[in-house]
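So the structure is just underneath, and the comments pick up after that.
The values are calculated or read from the model by the stated rules, or taken from the named source; none is laboratory data. Here the structure is a predicted model, which means the values were calculated and not measured. Cβ sites come from the backbone with ideal geometry, for glycine too, and all protein chains shown count toward neighbours.
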């Protein structure tokens, strides 16, 4: 009985934290080409790259050519929201099945001289930690690229442990 009560108190903890932060997850985006949005292998959930997309549409641009680090970090944050939306979809709507973020890989459309990709991808990393606490801390890569699909500024893929 005590265990059921404890489980009841924990139910919805991630959704409650999102609400506390004033965050509403978008719908999980549908694939734009010949791939699936996620694949589960054992307790690992691999989520395909999510592109920067906000309420006004795609967030396009290149860092170091008219787009600031702060704007890039905000774009990366939208990618993280889409990642969480995909995790929720993969878990049948139960976001509390998410155990931890294992790794994020961020791709940043960058001018040749731009070297602050880690600061841009912090937008995604910071969101994961804000929502999930220690379970949001993860391994990471931040890579500069010449261009991304549809001209977006940032794309982030993720590896998650689920229960």
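Find all pairs meeting these conditions: Cβ atoms under 7 angstrom apart; at least six residues apart or on different chains; first residue within segment 95-116 and on the phi > 0 side of the Ramachandran plot and without any contact (Cβ under 8 Å) to a residue 24 or more places away in the chain; second residue surrounded by fewer than 18 Cβ atoms within 10 Å (Cβ to Cβ) and assigned to a helix (DSSP H, G or I). The qualifying pairs do not exist here.
Can you name every one of the strands (runs of 3 or more DSSP E) wholly within segment 26-132 that holds 2 or more residues which are in contact with a helix residue (DSSP H, G or I) (Cβ under 8 Å, 6 or more places away or on another chain), modelled with pLDDT of 95 or more and buried (at least 21 other Cβ atoms within 10 Å of the Cβ)? Explain how you work it out, then say what you get.
On the way: elements: 38-41, 44-51, 98-109.
It comes to 44-51, 98-109.
In summary, residue 129 fulfils each of the numbered conditions (1) touching a residue at least 24 places away in the same chain (Cβ under 8 Å); (2) touching a strand residue (DSSP E or B) at 6+ places or on another chain (Cβ under 9 Å) with the single exception of condition (1). Within segment 142-160, the residues that satisfy the criterion of being part of a strand (DSSP E or B) and either under 17 Å from residue 75 (Cβ atoms) or touching a helix residue (DSSP H, G or I) at 6+ places or on another chain (Cβ under 7 Å) (or both) are 142, 143, 144, 145, 152, 154, 155, 156, 157, 158, 160.
Pairs linking a residue in segment 12-41 that is within 25 Å of residue 148 (Cβ to Cβ) to a residue that is surrounded by fewer than 12 Cβ atoms within 10 Å (Cβ to Cβ), with Cβ atoms under 6 Å and 6 or more positions apart or on different chains, are 37/31.
Whether a residue is crowded, with 18+ Cβ neighbours inside 10 Å and out of contact with any strand residue (DSSP E or B) (no Cβ under 7 Å at 6 or more places or on another chain) was assessed, and residue 148 does not pass this test.
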